[in-house]
Amino acid sequence: MKKHTVTAALAGLLVLSSAVPALAAEVKPATGIQVWVDGKKEAYKIAPIVRNQQVLIPLRQLATSLGIPLDSKHITFNTARQSTTIRYDQATVVLVSGSPEAQINGIKVPLSTSTILTKQGITYVPVDVVKEAWGKQVTWDPASQTIQIGVSNKDKVVEILKSFETGDTKAAETWISKDQYIQHNLSVPNGRDGLLLISQLKGANAQVEIQRVLQDGNYVAVHYKESIAGKSSIVFDIFRFDSNGKIVEHWDNIQDSAPANPSGHTMIDGTTQITDRNQTETNKTLIRKFVDDVLVGKNRAALESYYNGDQYIQHNPLFGDGVSNLKQAFSAAGSQGASFGYDQVHMVIGEGNFVLVVSEIKSPNGSSAGVYDLFRVENGKVAEHWDVVQDVPAKAEWKNTNGKF
């Protein structure tokens, strides 16, 4: 379950005026194929082609329609290797003529067919790279000869959340499945109609300040601050998409905003840039083991091994920076007879240097709480942490029966 958020992979293009490489192919452009990008019909002077029942797009034109810079800072061509290297949006992408794969941040990604450099010096790429590399929805309708390249799943989520500010339900109606939407916020009825209650926010002076958006396969997670009628909360949302690009499931965790912690950090500020996307799976494995060892409590003696000395930025409102403060918190809980420990990990979502873990803590009296921990990893160590904790309401108060997790 892997997505590569890379606009650059769409821009593997250059019209060559020098020697034609040996792999240059003779192709016949298809006739009548329409290309729509984000709802706009593109007027391509050079038509797409169809090879092995796969549609390939002329990248120079597609990149232009998507606003990707065509300068040498972003795109370079190696004649000897017959490759195009693109550096854009925190990503480095390599496309090689004749190869049925792209290299995205060092990871080899299979394509439906090979990238093609024609004898006319035009670079074509399989249209599925748009989905694999940038997370956009791509549909090909052979009957109407139409390619639809739609809004990315990240952008859909942002559009829905920002609509809280206006109370406009259009984005929710467009991107949320009408019949299959599963709601895990226990204060909201199941189904899409429950979320359409955002229309009631109109006039409530709602504000949504989005800080971090992660995508892991069909999952998009968002970390943001929400203010409604003067009351602010810190929120994590997780949305699951189906293969048609519709949202079919939703989880969240919400906590009232708190003042800055002893080190001056809030629950939402700090690093936002996503890097090291080629390390996503490695970082997810690291954080899952950290949670098991330290937060679940299987091996708390290993705590310090997960950090670079005492260098650790903490956004929990109760504690300051540094591993030493974390150790003191565990020690204080132990001295007070508290047996702190997570009971179950339900979900791990990551993109690059960020990993979000959804866990559950149960109390002796039978109640439980959801804990969403977001970690930033740097050079194989835990470097920064945010969290949101929310009690699970009593079952009698649930407005749907799907459960918190």
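Quick notes
- Under 5 Å from the amide H of Asn353 lie the amide H atoms of Thr275, each residue being 5 or more positions distant or on a separate chain, with H modelled from the backbone and absent for Pro and chain starts.
- Estimated D of region 181-327 in µm² per second, where Rh is the Kirkwood radius over Cα pairs and Stokes-Einstein applies at 20 °C, 1.002 mPa s: 120
- Near the amide H of Thr92, within less than 5 Å, lie the amide hydrogens of Asn105, all on another chain or at least 5 residues away, with H placed in the peptide plane.
- For Asn400 and Asp179, the FRET efficiency from 1/(1 + (r/R0)^6), where r spans their Cβ atoms and R0 equals 25 Å, is about 0.95.
- Cα gyration tensor of region 292-405 - equivalent ellipsoid semi-axes, whole Å, descending: 26, 18, 12
- With each label modelled as a point 7 angstrom along the Cα→C-beta vector, the Ile228-Gln311 pair spans 4.1 nm.
- 5 angstrom amide H check on Met267, placed H, neighbours 5+ away: Ala258
- Among the trypsin sites (Lys or Arg not before Pro) in region 264-302, those located in a DSSP loop and surrounded by at most 15 other Cβ atoms within 10 Å of their own Cβ are Lys298.
- Proximal lysines relative to Lys156, as straight alpha-carbon distance under 21 Å, when same-chain residues fewer than 8 apart are discounted: Lys2, Lys3, Lys40, Lys41, Lys131, Lys136, Lys170, Lys178, Lys202, Lys225, Lys246
- A simple rule links phi to the HN-Hα coupling: the Karplus curve 6.51 cos²θ - 1.76 cosθ + 1.60 with θ = phi - 60°, which for region 72-88 gives 5, 5, 9, 9, 9, 10, 9, 5, 5, 8, 6, 10, 10, 10, 10, 10, 7 Hz, with x for Gly and Pro.
- Take the Cα radius of gyration of region 46-203 and divide it by 2.2 N^0.38 Å, N being the number of residues; the result is 1.32.
- Sequence-distant contacts, meaning Cα pairs under 8 Å at least 6 residues apart, place the relative contact order of region 230-287 at 26 percent.
- Helix-only [θ]222 nm of the chain, DSSP H runs n ≥ 4, -39500 (n - 2.57) each, per residue, nearest 500: -4000 deg cm²/dmol
- Applying 1/(1 + (r/R0)^6) with r as the Cβ-Cβ distance of Glu281 and Ile46 and R0 = 35 angstrom yields a FRET efficiency of 0.40.
- Given [x] 1.03; [y] 0.95; [z] 0.98, the label whose value is Rg/Rh (Cα atoms, Kirkwood Rh) derived from this model: [x]
- Given R0 = 51 Å, the distance between the Cβ atoms of Ala329 and Gln54 translates into a calculated FRET efficiency of 0.40.
- Region 42-150: trypsin sites (Lys or Arg not before Pro) in DSSP coil with no more than 12 other Cβ atoms inside 10 Å: Lys45, Lys73, Arg81, Lys119
Where a number appears in this text, it was derived from the coordinates with a stated rule and is not lab data. Quick caveat, the model's predicted, so the values are computed rather than measured. Quick reminder, even Gly has a Cβ in these numbers, built from the backbone with ideal geometry, and neighbours come from all protein chains shown.
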